[in-house]
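Following: one structure in C-alpha cells, then a few remarks.
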Amino acid sequence: IAAAAARRDLAGLRIVISAGGTHEPLDPVRFIGNASSGRMGWALARAAVLRGADVALVAANVTLPDPAGTEVRTATTTRELEEQVGKAADGADIVVMAAAPADFRPASEQPSKIKKSSSADADQGLELSLVQNPDILAGLVRARTDQRQVLVGFAAETADTPEQLISLGRDKLARKGCDLLVLNAVGHGRVFGRADSEIRIIGGSADESETPPALAGSKELLAHHILDAALQVRSER
Ligand code: CTP
Ligand code: CA
C-alpha cells in the first residue's frame, strides 16, 4: 500500500465512487432503506486519494464525515443516485458502484403520514405496492462511450459456501456486463457496518482460477486490492 501511494499510481485518473444506501420515501417521515453504512465507499475514496486520483464520491445517506480531498455529492433515492452518478461518470476513468441502491420504491409516496386504521380492535396490516428502480450499473455499461472506462460493481450475497457465492457472482457479472464484481457474503451478522470483511474479485484477466482467492482484512486494505484490480483492467485496454 505504501509503495502504491508513494508511486501515486492513480495520478491523473478520475474515479467516481458511489457509497451508502438509498432511501425510498413512503410518506414524509418514513422510507424503505437498507443497512449499508458507506464505509466501503469511504475506504475506497481515501485509498484512491492517497494514490493520487481525482475522486468524486456520490453518497446516499452516509453519516460519516467527508473524506479529505474528495468532492462529495449526495443523493437520497436510487433515481437521484442514478442522476448524480450518471453526471459524474461522464469523463471518469473508473466508476465503482459501492452503494446499495434500493431495488424497489413505493409505487406512490403518500403526501401525509400513513395512519393506522382508526378501528382499534382490528389487527390490520398494511399492503405496500412497489415498483422497480432503474439499474444504475447496467445503465452505465449501456451508456459507456469511452471503452477504456472501467466499471466495477459490488455484490453482497447470502451464500453458505464460497462456491455458491462465486456462482451467484458469475451470473450477476454476466447480467450486469461490468468489468469487475466484488463479492462478499452477507447475513449472520457479517459485513454491514463492520470494519473488516472478506471479498473475492471476479472479472478481468486476473480472474483465472475457478475459485478466485478470498481477500481479507480491513476495508482500507480491501479498497487497495479493488483499486489494483481496476487499474489492471485499465492497463490492458
Ligand atoms: N446496483 C445498481 N442499481 C441498482 C441496484 C444495484 O447500480 N438499482 C449496483 C450496486 O451498486 C452493485 C451492483 O449493482 O454495484 C450489484 O448490486 P446487487 O444489489 O447485488 O444487484 P441486483 O442486480 O440488484 O441484484 P439482486 O436482485 O441480487 O439485488
Ligand atoms: Ca439489489
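Since every read-out is calculated from the coordinates, none of them should be taken as a lab result. Keep in mind that this is a model prediction, so the values were computed, not measured. A quick note on method: Cβ atoms are made from the backbone with ideal geometry, for glycine too, and the neighbour counts reach across all protein chains shown.
Sorted ascending by nearby beta carbons within 10 Å, beginning with the fewest, Ser18, Ser36, Ser218, Ser205 become Ser205, Ser218, Ser36, Ser18. Here each label is just a point 7 Å from Cα along the line to Cβ, and for Gln110 and Ala216 those points are 4.6 nm apart. Under the shape rule built on the C-alpha gyration tensor, where the axes satisfy a ≥ b ≥ c, the stretch 75-146 is prolate, since a/c reaches at least 1.5 and a/b is greater than b/c.
Using the Cβ of Ala206 as centre and a radius below 13 Å, the other residues enclosed give a net charge of -3, where K and R count +1 and D and E count -1. The alpha-carbon positions of the stretch 9-81 define a convex hull whose volume is 78 Å³ per residue.
Each Lys or Arg adds one and each Asp or Glu takes one away; over the other residues whose Cβ falls under 15 Å from the Cβ of Ala4, this sums to +2.
Its relative contact order, with pairs defined as Cα atoms under 8 Å and 6+ residues apart, puts the chain at 19 percent. Placing one equal scatterer on every Cα of the stretch 29-141 and applying the Debye formula, the log10 ratio I(q)/I(0) at q = 0.19, 0.23 Å⁻¹ is -1.03, -1.36. Derived scalar couplings between HN and Hα for the stretch 141-153 equal 4, 5, 8, 4, 10, 8, 5, 8, 5, 9, 10, 10, x Hz in order, rounded to whole Hz, by the Karplus curve 6.51 cos²θ - 1.76 cosθ + 1.60 (θ = phi - 60°), x for Gly and Pro.
Rounded to the nearest whole Hz, the Karplus-based 3J(HN,Hα) values (6.51 cos²θ - 1.76 cosθ + 1.60, θ = phi - 60°) of the stretch 205-218 follow the sequence 6, 6, 8, 9, 7, 4, 10, x, x, 7, 10, 10, x, 5, with x at glycine and proline. The per residue volume of the convex hull around the alpha-carbon atoms of the chain is 142 Å³.
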